[in-house]
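> First the structure, which I've put down as C-alpha cells, then a few questions once you've had a look.
The values are calculated or read from the model by the stated rules, or taken from the named source; none is laboratory data. As the structure is a prediction and not an experimental result, all values here were calculated from the model. Here the Cβ positions follow ideal geometry from the backbone for every residue, glycine too, while neighbour counts run over all protein chains shown.
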Amino acid sequence: MPQSTFLSTLKTFYFIVAMITTVGIAVAQHNHAPSDHAPNNRVPAKGFAVHSQDDHFHPYEFTRHAVGDNDILIEILYAGICHSDLHAVWNEQQNFGIKSRYPMVPGHEIAGRVMNAGKNVTKFKIGDYAGVGCMVNACRQCNSCSAGKEQFCEKRTVFTYNSKDHYHENEITMGGYSNNIVVSENFAIKIPKNADIKKVAPLLCAGITTWSPIKFSKVKPGDKVGVAGFGGVGHMAVQYLVDLKTDVTVFDVNDEKRESAKRMGAKRYVNVRNPQELEGLNNTMDFIITTVPVDYDPMVYVRMLKMGGEMAIVGLPANTNINISKLPLGNANRKIYGSLIGGIQETQEMLDYSVANNIYPEVELIKAEAAEIDKAYKKVVAGEVPFRYVIDMSTLK
Ligand code: NDP
Ligand code: ZN
C-alpha cells in the first residue's frame, strides 16, 4: 500500500496543486523550447472564449506558438466539456490560488488528427489520431516527472489552458474548444486507429483522473468500493471499478441516475439526500473516490472506510474541509489523499486499455457554436447532462 498521507485540510492539498499551477518559479526560459518559434510561424486558430467570469462564450480568433521540432499540430475533432472548465470559466478556483485569466479558451479533453509534425517527431505521423489532456508541458527531469507524474512537475506543469507557458515566452495557454492545438509530442497521447473517436476526448481527463487513483490505491477484485458523484468523472470510475470486478456503490443526489448506475454494473446506488440510504455503510469500504463538484461533507465518506481504507479526492469544490483534529485517534489508519489527473505514460496505458476493452464515456455531441456551449454549461450545473457533452469541432463555422 502507498504511504499514508493525511492532509490537514483539503485546502492544503489544493494549495500545493495551486502552487504548482500558478506560482512563478524561476525556470530557465526556453528550456526545451522548440527552435523555430518565430512570431511569423505562429499558427492561426479559432474557437470559443469567454472574456470575463460573467461572460457568455463568443467566437474567438487567436494564434498558437509555431510547430517546433518536437511538436505536432493537431486538428481538433472533438473536445469534451469537463466540470473543471466551468470552475475555471467562472473563476471558482481562487481558494486554491488559481486565478482565471481572460480571454479564456477552455477545454482539456481533446481528440484529433495530426496535421503537421516537427522534424524530430517520432511518435506520430501526419494523419494519426492524437489526444491532449490537461497538460502540455513539464520539465521531464525533476523527481515528479522522472516518476511519470508530470502533473506534479517541481518546476511547474504547463496546463492546457489558463496556464503560463514558460517554454513559450510565458504566453497563456488556450484550450481545446478550438480548431487546433500545437503540442510537444511528449505530451500528446496516441489514439489507436480503431478507437471510437467521438467518445475518446473525455478519457483524456475524466478517464485518467479515475484510472490513476484506482492504480495508486492498488484496488483489487472483490474490494468494496464507493464512487461519490456520478457525473462525467464518476461514471468513468464506475466503469473501471466494475471492469476490475469490485463491488461498487455509487453516491449521487438524484433518483434518475439509479438505473444508469445499475446498467453500468454498480451493486448499489445511494441517493445521499435520503439519510436512511446511508445507514449501515460505515466501516465497509476499501476504497472511495469522491468526484463531487460542490461543497459537501467528506467525513461522511471517511467514516465509510474500513480500517486502512483509502479515499482519493478528485472533485474540486471550493470550501470543503476535512477537520484533521477529528481524525488522528479514531481514524483507524484510514488514508485520504488528493489526486490530479495522471502522468503521460499512465494516460497512454489508460487509453490503450479503454479502447481495447471498449470502455468509453457516455457522450452527447453538441455543435461547435457559442450558444450551444452556453446551454451545455447550464445543463451541467442543473444535473441534466448525459454524463459528458462533447463539442463536435467539425461543425465549427
Ligand atoms: P459533473 O458535473 O459531470 O458530475 C458531478 C456529479 O456529482 C453530478 O452527477 C452531480 O449530480 C453529483 N453531485 C452533486 N452534488 C453532490 C453531492 N453532494 N453528493 C454526491 N454527488 C453530487 O462533473 P465532473 O464529473 O466533470 O467533475 C467532477 C469534479 O471533479 C469537478 O469538481 C471537477 O473540477 C473535478 N475534476 C478533478 C480532476 C482532477 O484531476 N482532480 C479532473 C477532472 C475533474 P447533479 O448532476 O445531479 O448535480
Ligand atoms: Zn477535466
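> I'd like the residue in region 286-299 that is part of a loop (DSSP other than H, G, I, E, B) and charged (D, E, K, R) and, out of all such residues, is farthest from HIS83 (Cα to Cα). Please lay out each step first, then the result.
At the first step, the residues of region 286-299 found to be part of a loop (DSSP other than H, G, I, E, B) are 291-298.
Next, from what is left, pick out any that are charged (D, E, K, R): 295, 297.
Numbers: ASP295: 14, ASP297: 19 Å.
Here the answer is ASP297.
> Also, quick follow-up: What about MET311, is it out of contact with any Cys (no Cβ under 7 Å at 6 or more places or on another chain), modelled with pLDDT of 95 or more and not acidic (Asp, Glu)? Before the answer, list the steps.
Numbers: out of contact with any Cys (no Cβ under 7 Å at 6 or more places or on another chain): yes; modelled with pLDDT of 95 or more: yes; not acidic (Asp, Glu): yes.
Criteria met by MET311.
> Would you tally the residues in region 227-273 being touching a Pro at 6+ places or on another chain (Cβ under 7 Å) and either more than 14 Å from ligand 1 (Cβ to nearest atom) or assigned by TED's automatic domain parsing to the domain that holds VAL385 (or both)?
Counting residues in region 227-273 that are touching a Pro at 6+ places or on another chain (Cβ under 7 Å) and either more than 14 Å from ligand 1 (Cβ to nearest atom) or assigned by TED's automatic domain parsing to the domain that holds VAL385 (or both) gives 3.
> Can you pull out the residues in region 376-397 that are in contact with a strand residue (DSSP E or B) (Cβ under 9 Å, 6 or more places away or on another chain), charged (D, E, K, R) and surrounded by fewer than 15 Cβ atoms within 10 Å (Cβ to Cβ)?
LYS397
> Still on this structure, please answer the following. Restricted to region 112-149, and to residues that are within 16 Å of ligand 1 (Cβ to nearest atom), crowded, with 21+ Cβ neighbours inside 10 Å and among the small types (Gly, Ala, Ser), which residue is farthest from VAL182 (Cα to Cα)? Quick ask: steps written out before the conclusion?
First, pick out the residues of region 112-149 that are within 16 Å of ligand 1 (Cβ to nearest atom): 131-136, 138, 144, 148-149.
Adding the requirement that they be crowded, with 21+ Cβ neighbours inside 10 Å leaves 131-136, 138, 149.
Checking the rest, the ones that are also among the small types (Gly, Ala, Ser) come to 131, 133, 138.
On the way: GLY131: 11, GLY133: 13, ALA138: 15 Å.
Here the answer is ALA138.
This table checks each residue for (1) farther than 30 Å from ALA117 by Cβ; (2) more than 9 Å from ligand 1 (Cβ to nearest atom).
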| residue | (1), (2) |
| --- | --- |
| TYR60 | no, yes |
| ARG64 | no, yes |
| ASP71 | no, yes |
| TYR78 | no, yes |
| ILE81 | no, no |
| HIS87 | yes, no |
| TRP90 | yes, yes |
| ASN95 | yes, yes |
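> Among the residues of region 373-395, is there at least one that is touching a Ser or Thr at 6+ places or on another chain (Cβ under 7 Å), under 26 Å from LYS257 (Cβ atoms) and in contact (Cβ under 8 Å) with a residue 12 or more places away in the chain?
Here is the first cut: in region 373-395, the residues touching a Ser or Thr at 6+ places or on another chain (Cβ under 7 Å) are none.
Looking for residues that are touching a Ser or Thr at 6+ places or on another chain (Cβ under 7 Å), under 26 Å from LYS257 (Cβ atoms) and in contact (Cβ under 8 Å) with a residue 12 or more places away in the chain, one finds none in region 373-395, hence no.
> Run down ARG303, ARG388 and say which single residue is basic (Lys, Arg) and not assigned by TED's automatic domain parsing to the domain that holds VAL89.
Values: ARG388 fails: not assigned by TED's automatic domain parsing to the domain that holds VAL89.
None of the other options fit; the residue is ARG303.
> Out of all the residues in region 331-362, which are among the aliphatic types (A, V, I, L, M) and within 11 Å of ligand 1 (Cβ to nearest atom)?
Listed by number, the residues that qualify are LEU340, ILE341.
> Does region 102-114 contain any residue that is touching a residue at least 24 places away in the same chain (Cβ under 8 Å), outside the structural domain of GLY315 (by TED's automatic domain parsing) and of a type in the set (Ser, Thr, Tyr)?
Yes, region 102-114 has at least one match.
> Can you tell me which residue among ILE74, ILE20 is outside any loop (DSSP other than H, G, I, E, B), of a type in the set (Val, Ile, Thr) and modelled with pLDDT of 95 or more? Give the steps one after another, and end with the answer.
Working: ILE20 fails: modelled with pLDDT of 95 or more.
On inspection, the qualifying residue turns out to be ILE74.
> Of all residues in region 350-381, which are more than 24 Å from GLN239 (Cβ to Cβ) and over 18 Å from the mean Cα position of the chain (by Cα)? Before you say what the answer is, go through the steps one by one.
Taking region 350-381 and keeping what is more than 24 Å from GLN239 (Cβ to Cβ), we get 367-375, 377-378.
Residues satisfying the conditions are LYS367, ALA368, GLU369, ALA370, ALA371, GLU372, ILE373, ASP374, LYS375, LYS378.
> I'd like the residue in region 204-224 that is among the β-branched types (Val, Ile, Thr) and in contact with an Asp or Glu (Cβ under 8 Å, 6 or more places away or on another chain) and, out of all such residues, is farthest from ligand 2 (Cβ to nearest atom). Write out each step before concluding.
Residues of region 204-224 that are among the β-branched types (Val, Ile, Thr), as a first pass: 208-210, 214, 219.
Add one more test, that the residue is in contact with an Asp or Glu (Cβ under 8 Å, 6 or more places away or on another chain), and what stays is 208, 219.
Numbers: ILE208: 9, VAL219: 21 Å.
The selected residue is VAL219.
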